[in-house]
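Quick note: the coordinates plus some simple rules give every number you see, no bench work behind them. Everything numeric in this text was worked out from a predicted model, so none of it was measured. Please note: Cβ atoms are built from the backbone with ideal geometry, for glycine as well, and neighbour counts cover all protein chains shown.
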Amino acid sequence: MNLDEIEPVVLYDNRCSSCSSFARLIDRMSSHRFSMVGHYTRLGQEICAEIGDGATEMFWVIDGGYARGGRAGLGALIPLMLGRRPAVQGRIEINDNVCDDSCGGPRAVMYRSCSALTRSRTLRLGVRTA
């Protein structure tokens with residue numbers, strides 16, 4: 001899998017209304033500098049398979065061959081959002097057609113927010129092809 005053409009990528013839970021709202025906020029605030037990929041899309045499933053166990057438990061920021069999830073993802077997200085990188089050329093836009101509103105309540109939002117801050121993971125993705 002070669003993500004070079006669409007990096008940086010934000011991988012998020014596209015079946016969760018609060019996660020999709022978070023992804024839309026990132027997309028707007030970053031002036032469309034990220035490809036937004038849902039966990040449950042075809043490409044998202046490929047990325048999740050490469051990340052391995054726990055891939056769908058948090059959002060991920062993928063850039064430069066590294067996947068950073070949860071707290072590590074927030075740390076990577078901020079400089080990428082504030083940088084001068086132009087919008088991604090072949091970027092993938094948010095598709096939340098399968099979004100489930102059952103997780104959008106205040107309790108769920110608090111749980112997911114705490115989860116993003118308490119979980120953290122960084123890993124090197126597979127060998128990149130030129």
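Observations, loosely collected:
- Qualifying residue in the range 18-25 (condition: assigned to a loop (DSSP other than H, G, I, E, B), crowded, with 18+ Cβ neighbours inside 10 Å and polar (S, T, N, Q)): no
- Failed item, numbered, when Leu25 is tested on (1) over 14 Å from Gly69 (Cβ atoms); (2) in contact with a strand residue (DSSP E or B) (Cβ under 9 Å, 6 or more places away or on another chain): (2)
- A residue that is in contact (Cβ under 8 Å) with a residue 40 or more places away in the chain and out of contact with any strand residue (DSSP E or B) (no Cβ under 9 Å at 6 or more places or on another chain) occurs somewhere in the range 11-18.
- Verdict on Gly38 being in contact with a strand residue (DSSP E or B) (Cβ under 8 Å, 6 or more places away or on another chain) and not hydrophobic (A, V, I, L, M, F, W, C): yes
- Just so you know, in the range 2-36 the residues that are under 18 Å from Thr122 (Cα atoms) and of a type outside the set (D, E, K, R) include one that is farthest from the chain's Cα centre (by Cα), and it is Leu3.
- Residues of the range 46-64 that are part of a strand (DSSP E or B) and under 10 Å from the mean Cα position of the chain (by Cα): Trp60, Val61, Ile62.
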